[in-house]
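Presented below is the structure to which this report refers.
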Amino acid sequence: LQLYQNCSELIEILCGLRRNSFLEQLEQIRQLRKSLQTDLLRNAIEVRGGERRILHGWGDRRSFTVGGFHDADGLSRDGLVSSAFWVLSGMIDEDPSLRRDLMQAFGRLDSKYGLRTFAPGFGPEADAIGRINRLPLGTAENGAVYVHATAFGVAALFRLGEPRTAWEQIRKILPYSSHIKDPSHSPFVLPNSYIENPELNLDGQSMNDWQTGSSNMLLKLLIRYVVGL
């Protein structure tokens, strides 16, 4: 999806230059973009009972999926980044009816601290997908509110014409919001993530202050959608 988006950006850039000088490159990029579009529509959308999901990925000759209706651990799951980038990349324009399914996915991913990376997270039994299942549930990428990924979700909500929901998500991730009663790090720096796992007595703690670009992403959103630049 990111490569698909990059192709669109390169086409726009090259068309803005001396177009006749880049005809061969333009055609190559357009062909790659079309191939990606075809493959994404064929492989990245899973359908069951009239509901559709954007897969986060799949493995071992597609013997299992991640972010589908029946993942490697047998659970039905939503993935945030794949859903967000389906919108941000422009793939949503190929089938606008997916908007309803994406909004439902964002609803299932929601929590009091913002949009989670996955819902549900991965337990130890999900060993087919790699290291993420070695992270405790509700921490870091494993079902926590990983703020950088949440910012992508916010951008997607703006892109879908859902500013009210987008602003609500921004309110949730700000470290000085009223629902964050005991910040474990600086109260004025966007954290790495907000942890949530009642079984481990974790409720909103922040893993680190470093921001993985989340504050930069949020600033870009405010400039684009509020200032209008």
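The values are calculated or read from the model by the stated rules, or taken from the named source; none is laboratory data. Model, not experiment: these values are computed from the prediction. Cβ sites come from the backbone with ideal geometry, for glycine too, and all protein chains shown count toward neighbours. In case anyone asks, the SASA skips ligands and DNA or RNA and just uses the protein heavy atoms, side chains included. Shrake-Rupley method; radii C 1.70, N 1.55, O 1.52, S 1.80 Å.
Remarks
- Taken about its Cα centre, the chain carries a charge dipole of roughly 560 debye when the Cβ of each Lys and Arg holds +1 and the Cβ of each Asp and Glu holds -1.
- Overall, the accessible surface of the stretch 79-202 at a probe of 1.4 angstrom is composed of carbon and sulfur to the extent of 55 percent.
- Taking Cα atoms only, the orientation of helix 23-43 departs from the longest principal axis of the chain by about 50 degrees.
- Size of electric dipole in the stretch 1-114: Cβ of Lys, Arg +1 and of Asp, Glu -1, about Cα centre, debye, nearest 20: 80
- Summed over the residues of the stretch 60-101 and divided among them, the accessible surface reaches 41 Å² per residue at a probe radius of 1.4 Å.
- Summed over qualifying helices (DSSP H, 4 residues or more, each -39500 (n - 2.57)) and divided by its residue number, the chain shows a 222 nm mean residue ellipticity of -12500 deg cm²/dmol.
- In the chain, the longest principal axis of the Cα atoms and the axis of helix 147-159 are about 50 degrees apart.
- Under 25 Å between alpha carbons - lysine pairs in the chain that sit 8 or more apart or on different chains: 5
- FRET efficiency estimate (nearest 0.05) - Cβ-Cβ, Val227 to Leu135, R0 30 angstrom: 0.20
- The stretch 45-67 versus the stretch 103-154: alpha-carbon centroid distance in Å: 16
- Protein heavy-atom accessible surface, 1.4 Å probe, per residue over the stretch 9-51: 76 Å².
- Measuring nothing but how far apart in sequence close Cα pairs (under 8 Å, 6+ apart) lie, relative to its length, the chain scores a relative contact order of 13 percent.
- Solvent-accessible surface of the stretch 159-226, taken per residue with a 1.4 Å probe and all protein chains present: 61 Å².
- Packing here is the average count of other Cβ atoms within 10 Å per residue, and on that basis the peptides 23-36, 67-80, 191-204, 147-160, highest first, run 147-160, 67-80, 191-204, 23-36.
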